[in-house]
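Let me begin by presenting the structure, written as structure tokens, before commenting on it.
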Amino acid sequence: MFKRKRNAFTLIELIAVLVIMAIIALIVTPLVMNIIRKARISADRRSVDAYGRSIELAIASYLLDTGRFPTSIDQLTIEYSGNEVVCETTQLNSDSSVYLTGCTVAGRSTGDYEYGKLQVVTYDTYSVGDEVTYNGVDYYVIENSDSKQLNVKLLKKEPLSSDEIIEYSPGADVIGGGVGNMMYHSNSNEYDGSYIKTTLDAWKVVNAPETEEVRLITVEDLINLGYIKNSETSYSKGENVPNWLYNGLQYWTMSSYNGSSNRVWYMVYDGRLTYNDVNLGGKVRPVIILSKSEISA
């Protein structure tokens, strides 16, 4: 008799093969996933490096174009086309390098990976009343600062001139160097959209392009300085009010009078705070927030 040739695996043999394959998969899969993870981390770090180099090229381009060092990354035109990189810390160093940390790439964290070197930067300190110059214009410091603060708050020494007001707000009525009928709060007690805000915004573009903010002084500013005292119904002059704060001038604040739709508080020539209709003549004296690197003492 002839024995029949066996052509198939037995069930036990199949199970044994499957078990071996499962064991191999259990061993190999973590290794493969780890290789993929490391490759992704490496790629993300290369993205951060490419982004950092793009920022440094943008810094160099800004310096060539303006002759000034950028104070904010928002001033730069960065040419980078890789995966989106967002960093918690972006420090522009004085040697035209950049320091990046806390970055994500396409939403993925790069952990403690850093680009560049952290440069310890200290700035000049300023006290209230210090006189500084920016872009050829004199200002008074109205907020104390320490060596770690980049920005400082300033009050323009002189109000905008009649010529400036006419230039930036064509058709405005100018009365004795002040402004009449500019409808500061537009009769709706709104600073945004008002004639004065439009004037300040236009003035900023030409005279204070590096500033982070241009506005009028507020009653809160004056109270924080200690030069105005708050009472239940009005404000009174504080002690030892310096001459530079009023300087013989009458100028508007951007604080409305007790919620009135047509009256605002303004500084009187002797340092007192009073109120009146918004369409009376008053002077426009800008407050700006500026990087210390833009100031020449």
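Quick note on the stretch 11-109: its Rg to Rh ratio, both from C-alpha atoms and Rh being the Kirkwood radius, is 1.37. Sparse packing (at most 15 other Cβ atoms within 10 Å of the Cβ) combined with a DSSP loop state is found for the following GluC sites (Glu not before Pro) in the stretch 23-100: 79, 84. Over all projection directions, the Cα-based convex hull of the chain averages an area of 27.9 nm². Neighbours of residue 46, meaning other residues whose beta-carbon lies under 12 angstrom from its beta-carbon, give a summed charge of +1 when Lys and Arg score +1 and Asp and Glu score -1. Shape analysis of the stretch 55-125 places it in the oblate category; the axes a ≥ b ≥ c from the Cα gyration tensor give an a/c of at least 1.5, with a/b not above b/c. Partners of residue 197 within straight-line reach, counting lysines whose Cα lies under 16 Å from its Cα and excluding those fewer than 8 residues away in the same chain: 156, 283. As a rough guide to protection, the peptides 250-256, 106-112 ranked by mean Cβ packing within 10 Å, highest first, stand as 250-256, 106-112.
Using the Cβ of residue 168 as centre and a radius below 12 Å, the other residues enclosed give a net charge of -2, where K and R count +1 and D and E count -1. Inter-label distance, residue 89 to residue 202: 4.4 nm, where each label sits 7 Å from its Cα along the C-beta direction.
When the chain is described by a simple charge dipole with +1 on each Lys and Arg Cβ and -1 on each Asp and Glu Cβ, the residue from 58, 82, 207 located farthest towards its positive end is 82.
The overall shape of the stretch 9-63 is prolate: from the C-alpha gyration tensor, with semi-axes ordered a ≥ b ≥ c, the ratio a/c is 1.5 or greater and a/b exceeds b/c.
Every number in this text was worked out from the coordinates using simple rules, so none of it is lab data. Since the model is a prediction, treat every value here as computed from it, not as a measurement. Note: ideal-geometry Cβ built from the backbone for every residue, glycine included; neighbour counts use all protein chains shown.
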